[in-house]
Structures are given as C-alpha cells and as structure tokens.
1. Do we find a residue being at pLDDT below 90, among the hydrophobic types (A, V, I, L, M, F, W, C), touching a Pro at 6+ places or on another chain (Cβ under 9 Å) and surrounded by fewer than 20 Cβ atoms within 10 Å (Cβ to Cβ) anywhere in segment B:13-31?
2. Sort out which residues of segment B:523-549 are under 37 Å from the mean Cα position of the chain (by Cα) and part of a helix (DSSP H, G or I), and write them in order of number.
3. List pairs: first residue in segment A:62-88 and at negative phi, second residue among the aliphatic types (A, V, I, L, M) and in a loop (DSSP other than H, G, I, E, B) anywhere in the structure, Cβ distance under 7 angstrom, at least six positions apart or on different chains.
4. Among the residues of segment B:64-85, are any under 20 Å from the mean Cα position of the chain (by Cα) and in a strand (DSSP E or B)?
5. Quick one: count up the residues across segment B:274-289 that are in contact (Cβ under 8 Å) with a residue 12 or more places away in the chain, within 10 Å of another protein chain (Cβ to nearest Cβ) and either open to solvent by 30 Å² or more (accessible area, probe 1.4 Å) or of a type in the set (S, T, N, Q) (or both).
6. Considering segment A:107-124 alone, what residues qualify as being farther than 18 Å from A:Val25 by Cβ and surrounded by 21 or more Cβ atoms within 10 Å (Cβ to Cβ)?
7. Residues being under 29 Å from the mean Cα position of the chain (by Cα) and surrounded by 13 or more Cβ atoms within 10 Å (Cβ to Cβ): count how many of those fall in segment B:235-247.
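The values are calculated or read from the model by the stated rules, or taken from the named source; none is laboratory data. From a predicted model like this one, the values you see are computed outputs, not experimental measurements. With ideal geometry, Cβ positions are generated from the backbone for all residues, glycine too; neighbour counts draw on all protein chains shown. Accessible surface areas use protein heavy atoms only, side chains included; no ligands, DNA or RNA. Shrake-Rupley method; radii C 1.70, N 1.55, O 1.52, S 1.80 Å.
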Amino acid sequence: MGKDQEDKQQIGLTAKGDEAIQVLVADRRFANQTDAYRFAISYAMAAGLDPADAPPGGYNTKFNALGTLESGSSIRDLIDILGIGETHRPFATAEKLAELGVREIARRLEGNESLADIMTSASG
Amino acid sequence: MSLRFESVSLKNFGPYREIDTLNLGTDSSAPIVVIHGENTLGKTSLFRALRWCLYGSPESGSTPAQAARHLSEYMNRPASRDGETDMQVCMQFTANGHRYRLVRMARFEGGPPKLSADLRVDSTVIQQASIDAEIGRLLHPQISEFFLFDGELLKDFYDRLNTDRERDLLRESIDNVLGIPALQLAERDVATLTEHALQRQAKALKNKKDVENARKQIRELKSKQESLDKDRKEIEDSLSKAKSALEDVKERIAGVEELKADAREMEGLEVLIAGGKQEEEQLREDMRRLLTTGWLAPAAGKLNGALQQVVAKNDAAQQQQKAIQVARDRVDVLRKQIQGGICPACQQELPPPDESTQMDLAEAEAELKRLKESAGDGPDLRLERRIRELIDTTTAKTYQQKQEQLNKVVATQFERNRRLNGLKDRLKDNDAATVRQLGEEQDRLEVAIERYGQILRNQKPKQDEINKQQDKLAGILRRLGGGAQPEVAAEAFFFEYVRTLLTRTIERYQERTRAEVEKAASEMFVTLVRDPQAYQGLRISRDYRVDLVGQWGEAMKTSEGGKQLVALSLIGALKRAAVRGGPVVLDSPLARLDLEHRANVLKTWVPELGNQAILLVQSGELTEGQARDIMGNRIGHEYRIYRPSDDPEMATIERTQ
C-alpha cells in the first residue's frame, strides 16, 4: 500500500463491530455511539491492539471523521505521537483501532467487568 | 396460701444488663421493700419484668401472644448492639411451704422472639403446658391488678368502676378466684338430678288423678327447664364465640399499630428510594459526561511513555545546545584575546596573545565544529506540550470513585426496594377500609357480649321461678306419696336440699366477700382521709357499684384526690379478699397524693396489704429520708436505681439499706 493513498474521511465499523458497540452503549453507559467509538480507539491504543489484526474491509460508515468524530486534532495526534499503524492515514488507522477496541471492551463487559475496571486497567 | 417473693434476677431486660439476685425477701416485722428511682431510670421496667416473668406479658390487658409482638422493645439495647440475643427474668418465691423458681426467657434472632419458661417447685420440674395454670393457681392473672399495681392507673380506677362492663369484669374476676362458677355449674347439675327424682316420685303415686296432675306439672317444668337450658346454652355458645372473635379482632387491631408503623416506614422508604433514584441518575449522568470529555483516559499510560521519551530527547538536545554555546563562547574569548581588547565576561583588559593562545583557539574551534556536527535537531517543546495536553490523569480515578458511589447507591436501593416490597405485601390486605372494619367489628362484638351477658342475667329470675315451682311440686309429691317409696322420696328430698344449699352458699359467699370488701375498703378509707368523721365509709352494692357514704348515710360526690383514695381503699380491700397473704408490688402509687395522704397511705394502707409490699417510688413522691422517717424499721430492704454511666439506656440497682 503506497504512502500516497489518501486517508479515509467516512469511517465506521463492521457488522460485528456494530454489534459490539451496542453492548457498550447499553444501560446508557455512554451518552452516544460517538463517545463509545472514541473511547474504543483510546482503549485499543492503550491495550496495544495492532490495527493490522483488524478486518481489512467490510466497514459500514458511521461517522464523518473530521466533521463528527474528531474534535481538534486529538485522534490524529494520538496516532502520530504513539506511532501506531499507518500514521499518515490516521483515520483509517483509528477505524481499525475502534473495531478492535469495541470488540474487546464488549467482551470484557459481557464477562462482568465494569467500565471503571476496564478504564483503570488500561490507563495503567 | 402465703406467697412471698424471695428474689428477682434480670438479664438484658429494659435498661438492666445484669441484675443478679435482687433480694426481695421480707418477714412480718419488716415487710416493706422500697426501690427508689428517678423518672425514666427503670422503675416501671422492673415492675414490668416481674409481670412478664409471672404472666408472659409485661403490661396488663394484653395476652402473651399480643405482648410477644412488642417484646423486642424490652431487650437491652447496648446488649443487642454487642450481639447478645437473650433476655431473661428469674423469680424465686415461696408458697404453701414450697420453693418456686420461675425463669422466663426470650431469644431475639430476627423474626418473632423464641419464648420459653421454666418452673421448678422444690426439685420438681413443671411441664411447660402446666406453668401458666400453676402460676394462675397462686396469683391469678385476672386479679393481677390488685397486687401488681401500676400507680398510673390509679387516676382511672374509680371512673372504670362506674361502668357496667368494668364492674362485671371485676365481679367476674372475684367470682373466678373464689370458685363461684364451679358452684353455679354444680347447682345446675343438681337441678337436673332433682327433676329426675321428681319424675320417679310421680311414678310411684297411687292415685291416678294425682299421677296425671304431677306428671303434667313435671312435663311443664321440664319443658320450661329444657327451653331455658337450650336458650342458655345457645347464649353461652354465642357468648363464647363472640369472646373468642373479640380476642381475635383485638389481636388484629393490635397488629394495626404495627401496620401503621409499617405504613410510616413505607412512606419514608418511598421518599428515600425517590432520592436514591435521583442520586443514581445524577451519578450515571456524571459518568457519561466523564466518558465524553475523558475518552483519552485509557491512553494515558501510553502517552506517559511517549512523553518520557520526548522529554529525554529534549533534555539531551538542550544539553547539546548548552555545550555548543560554551564552546562558542570560548572561541569568541580566544579570538578577542588574539585581537586585543576587553574580556566580554569580566570586562578586564585581556593579556597579549602568545603561542599557546593560538593553539587553544585552534582546539576550541575544532571542539565547536565537532559539537555542531554531532548535534541533531533542537528540542521539540511543542510536541512535549501537546503530549502533556493529551494526558488525562484524573478521569479514570474520578470515574472509579463515581462507580464506587454508584455501587453503594444501587446496593442501598436494592435493600430499600426489598424492604418496601415486604411492607407492601404485609399492607396489601390491610388497607384503611379493612382497619376501619376491624374497629366496627370490635364495637359490634362488644355490644353483642354485653347483650348476651344481659340475657344470661335475665334468665336468673326464670330459673328461680322454675326452682320455686320445682320446690312446690316436691312438697306436693311428698304429701301425696307419703311413705309409698321412702327411698325415692328421700333421694328427691336430698337433691332438693343440696340444690338449696348450693344456691344459698353462692349467695352467702358472694355476699360475704362483698361485705368483707366493703368493710375493709371503708376501714381503709377512713384511715386514709384527713377528716374521717365526715364519712361513714364506702358502700359497695352487689354489682360492685361503689359509693362514698357521708356521715348521714347519703351518697356523696368526691374530689379527684378523694377518688384516688377510694380507688386505693378498694384495691387494698380487693387484694385482701382475692390474694390473701400474698405480696403486692406498687409502681408509683403516691405520685398524685399530697404529703399528709402519702404518709397515711404508707403508715396505714401499705401495712394492711399483707406480709410483703414492694414499693417503686421516685423522690418527688417519697425521698429516701421520708421513707425511713415514715416507715422506719418496717423497711426490710431499700434499693436505689441509678445510671452507672452516661448511657441513658443502662441502669443498675444498688442496696442502700
């Protein structure tokens, strides 16, 4: 994949990722799916999940990366600073991190861990 | 019977954690035990401990089953807090030459208390089922008001005596203690036997016309008697059913108080649950907000790692730049020295250059060059600042705290809801209409019982008429039959005689008791009042209506104080009639009397009560000094209730004499 490939502007989740994010927003833990999606990106980075392990395709658009998801430049800065995945295509990387993040968090929630436990263990 | 209390021991009853063997034993020369205690210290608790031990109910007017529901209120609270579960009162007493040891115990382990009692007479253990009967035989609970007397009731006693129901209760109590109902039943049985004897006597008659006449009269009498017996049995059955139903209704009404408490608790719980719900919702909202603003929190650890690296890199770059600056300054100084001039550092004239200065300059320039070549990019402070901005060190901690708060609130709400559902289950069948209906049912039953009692009383003249006709017929049969069948005539005569004897015995017994009570009450009253010459005494009618009789024989009205003296006199007289030789325990009997009447009561009334009087008094009615002045060496034991610490829920008893 060449370095010239443009970054994604519309990002989302696979069908399986979408099922997982429903678990996250159940019981109104998050105000909305956008908050859960951002949290999942952050969690995936903290947990050392590798974007290369995420499905390469099959994502259904959920958000406009710049218009809805990104406020300021936090997501791009995170990916750049931590040097995760394709740093020149931060939103494409963020999408894969979100996919892995929601699946992992959903798995832990269904294992009766609380979001507070998950957050504390991830933030070290 | 000569019953005497010897001692009482208490464990965890009311404010008493442990009272080990309070000696109550007295003799005829010093029959009085005085227990002093200020208000709220525990006089009434001690009084109720005695009542509970004897009858299973701390308060008069309630059955042991009713009392059990509120018994936990008497468990010593500090003991409960320490995890103790048992409450116990032990009494030792003597009666009829035997030693009695009665222990009553309640265990509170959640739910209804577990109750038990143990009675030993000398070394014989009395069966559980027989304990109440054995105690009742010695001190019948129906007359407990005459020897376990709560002074607070004094003010009501006189007025209660002037209602038909209370008088009936009083007379019934006395009759029961004296065994009158058994005599009345015997009277009825003998009436039946008399009737059979009359029938046999009629059969033995020789004149046909006489036989027919006698048989006709017997049939008529028998029919009347059967009708009367049938009516009486129906009424007695109805009365028994109504009394049983009334007991049931009263128990349910007693339960209503608990239901009211449940309803109040339910209202309180609903308010708490609503508040808890708001608190829970607020916490969840706070937590959602934290996730909106603090979504970077999980990455804080990684960002910290990155920050350490950037900071180290920036520190190294800054060190390198400092070294370059030092080398550059050295080159500048050496160059100026060679050119001649002022030192930029110390502003002194520089010494003239020599060969070594040239060599130093060459070395300094070489060092500067080496440093410049080895230096990378300068420090990236913008990146360092940006990473610091992204690191969130507070959200995870705050979120965790909120989660813990939420867990507590949810657990509390769960408990509250569980309790609320329990209360709702209890209350669902007892709404206001049901409670009102219970009150109406009680009124209806009380009216019915009153009416049945009246009907039974109205039967007496009818029975008397039948008896009279039976006597008349018996006389006729005796005359007509002559000695035809002397054994049948003798039998009829015998039964007639026994019946008459029983009737007279009952009347005499009742009348003697009434007269005895009237005489004793009158004597007591005139010794208590300040102006005895103004009264003849008390008149007690057959139905126990009490009148105060003035010096000219007229019924008099009296003051509130006078009513109390009448009540005291009557109680003393009834106690003497019903509990001969037994003990009397009086809780605050003097509180409403003036000093002169108090002295009269102590000097004349108390000694009249028998061989043992236990007085529970507070200093407002009788100080320790006054007690000794008035009663002197007639006091066998004197105790003081006091608080051993600042804890208002604890009290103990010490001996003062």
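1. No, there is no match, as no residue in segment B:13-31 is at pLDDT below 90, among the hydrophobic types (A, V, I, L, M, F, W, C), touching a Pro at 6+ places or on another chain (Cβ under 9 Å) and surrounded by fewer than 20 Cβ atoms within 10 Å (Cβ to Cβ).
2. Hits for segment B:523-549 are B:Met524, B:Phe525, B:Leu528.
3. Within 7 Å, the pairs are A:Ser74/B:Leu296.
4. Taking every residue of segment B:64-85 in turn, at least one turns out to be under 20 Å from the mean Cα position of the chain (by Cα) and in a strand (DSSP E or B).
5. Going through segment B:274-289 one residue at a time, the tally reaches 1.
6. A:Ala122, A:Ser123, listed by residue number.
7. 6
Condition check ((1) farther than 30 Å from B:Ala316 by Cβ; (2) among the basic types (Lys, Arg); (3) touching a residue at least 60 places away in the same chain (Cβ under 8 Å); (4) more than 10 Å from every other protein chain (Cβ to nearest Cβ)) across all residues:
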residue: B:Ile387; (1), (2), (3), (4): no, no, yes, no
residue: B:Gln403; (1), (2), (3), (4): yes, no, yes, no
residue: B:Val409; (1), (2), (3), (4): yes, no, yes, yes
residue: B:Gln413; (1), (2), (3), (4): yes, no, yes, yes
residue: B:Thr434; (1), (2), (3), (4): yes, no, no, yes
residue: B:Leu438; (1), (2), (3), (4): yes, no, yes, yes
